[in-house]
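Derivation of every value follows stated rules applied to the coordinates shown; laboratory data play no part. None of these values were measured; they are calculated from a predicted model. Positions of Cβ are backbone-derived with ideal geometry, glycine not excepted, and every protein chain shown enters the neighbour counts.
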Amino acid sequence: MATPYEKRRQRKLFLTLVLPAFAGAVALSLVAISQTQVYAYAPSTMPTRQELGTREVRLAGLVAEGSLRTGADNQVAFIVTDGVADVPVTFTGILPSLVAENEGVIAQGKLGSDGVFTADTVLARHDENYEAPEVMKALEEAAEKQAEY
Amino acid sequence: MPNALEKLANPEVFTRRTRPLILPFGAAAAVLLLLGSVIALFFSPPDFRQGESVRIMYVHVPAAWMALQTYAMIAVASLVGFVWKHRLADIAAREAATMGLAFAVLAIITGGLWGKVTWGVFWDWDPRMTSVLVLVFLYLGYIAIWQVIENEFTAARAAAILAMLGAVNLPIIKFSVDWWDSLHQKATVIREGGPSMPASMLTPLLIMALGYTCLFVFFLLMRIHTVLAKKKAPQRKASSARLEEAPAS
């Protein structure tokens with residue numbers, strides 16, 4: 001059996017080492033959760049300009065078909081949609097190569113008073129589906145044929 | 001305590017039973033990892049969207065799976081050690097921790113490289129990435145407890161408590177992509193409706209995952225055997241002397 005001294009020492013170690021470690025881990029998780037609870041807004045759940053102020057937020061959705069425009073000096077404009085609402089986005093810089101029309105995107109930036117979202121970072125988002133290119137091409141061709149009849 | 005577990009608690013029995021397993025696991029790991037890499041790099045197709053960068057998956061996904069499974073194994077072994085004072089379970093948990101840390105760090109590094117190519121960033125405070133980072137800190141804390149506390153019994157109990165409490169992070173990691181809107185995509189393989197991946201990609205992925213598992217078992221057994229041999233070494237002289245004195249039974 002442990003002597004009272006050893007027991008006290010064990011309790012002290014538990015209090016000084018294990019509890020802080022666990023508290024730290026939980027605190028980190030909670031910070032992560034509170035930050036990421038609103039990791040990104042969809043165009044239809046985007047708060048108004050009054051609610052947001054100049055706070056930086058993320059906007060997630062699909063790049064609307066036919067909306068992607070690239071101008072001079074790496075000026076990019078596109079519309080992010082979730083099928084319910086649309087938000088126009090402007091961005092200056094080079095887009096990740098996976099950013100394309102009808103593909104997922106996350107834009108980080110501020111909503112202007114004119115309703116245009118000015119992004120300082122644009123990330124490409126892909127879903128969990130993987131497929132070989134030839135198979136995808138064959139599937140698309142089959143779908144087109146189906147549509148013709 | 002279940003009877004089989006009680007028998008394995010004896011270091012002699014454990015060493016005798018598991019020694020013949022070490023070489024097969026090591027050989028299986030070498031063969032599977034080599035075979036999996038060759039199929040993944042040369043015979044599996046690129047992805048229709050991500051192109052060749054999808055091949056990082058064959059290193060990244062098994063590493064992430066192993067990081068979670070190793071932690072789950074440590075938590076279960078800690079419970080067994082904590083409740084039944086099973087010394088060998090404590091040793092198994094301790095010896096698995098550095099490998100779990102290595103898997104978690106490998107998952108983060110390869111994930112960053114993959115993310116840079118596909119998403120456009122190495123790191124983002126996304127729920128999946130943040131929760132895996134917490135896992136890294138849990139591994140570090142667990143290893144630190146064993147290093148800091150000199151009394152092995154006290155260290156085992158303190159480390160076991162951290163391991164068991166920290167297990168709450170495992171479902172958070174797994175379901176982070178479902179509970180929150182994240183940059184990381186949702187589960188591809190373990191999900192309702194089966195894997196959304198062609199067999200030509202799933203086969204090398206599963207071979208690699210099996211290879212990682214065999215490698216883990218191989219190293220874990222080697223490490224436990226080393227610890228047991230070290231524990232035994234200084235006492236050998238005394239115990240053999242006692243054996244000589246004792247009358248044959």
Provide the descending list of Cα extents for the protein assembly as shown along its principal axes, expressed in whole angstroms. 93, 50, 36
Just report the Cα centroid separation between region B:95-129 and region A:55-77, whole Å. 28 Å
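If you take every DSSP beta bridge fully contained in the protein assembly as shown, what fraction is antiparallel? Give it as a percent rounded to 5.
85 percent
Mind checking A:93-104 for the average number of partner chain beta-carbons within 10 Å of each residue's beta-carbon?
3
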Peptide B:162-174 - average C-beta neighbours from other chains (10 Å radius): 2
Over chain A, relative contact order from alpha-carbon pairs under 8 Å, at least 6 apart, %: 17 percent
Average Cα contact separation per residue, chain B, under 8 Å, 6 or more apart, as relative contact order %: 31 percent
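May I ask for the net charge around A:HIS126, where only other residues with Cβ less than 12 Å from the Cβ of A:HIS126 are counted and Lys, Arg are +1 while Asp, Glu are -1?
Values: positive: A:ARG125, B:ARG49, B:LYS186; negative: A:GLU103, A:ASP127, A:GLU128, A:GLU131, B:ASP47.
Computed value for this residue: -2.
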Largest to smallest principal axis extent of the C-alpha atoms in region B:59-183, angstrom: 48, 25, 21
On Cα atoms only, tilt of A:4-13 relative to the major axis of chain A in degrees: 20 degrees
Please work out the Kirkwood hydrodynamic radius for chain A, using every pair of different C-alpha atoms, and report it in angstroms with one decimal place. 19.3 Å
Find the relative contact order for region B:141-222 and round it to a whole percent, using C-alpha pairs within less than 8 Å whose residues are 6+ positions apart. 13 percent
Spelling out what I want: for every residue of region A:102-107, take phi, set θ = phi - 60°, compute 6.51 cos²θ - 1.76 cosθ + 1.60 (Karplus), and round to whole Hz; glycine and proline get x. 6, 10, x, 8, 10, 10
No solvent, one uniform scatterer per C-alpha: report log10 I(q)/I(0) for region A:64-122 via the Debye equation at q = 0.12, 0.13, 0.22, 0.26 1/Å, two decimals. -0.24, -0.29, -0.87, -1.23
To the nearest 10 degrees, how steeply does helix A:133-148 sit against the main Cα axis of chain A, on a 0 to 90 scale? 50 degrees
Could you work out, residue by residue across A:74-87, how many beta carbons of other chains sit within 10 Å of that residue's beta carbon, and then give the average as an integer? 0
Principal-axis tilt of helix B:57-84 within chain B, Cα atoms, nearest 10 degrees: 30 degrees
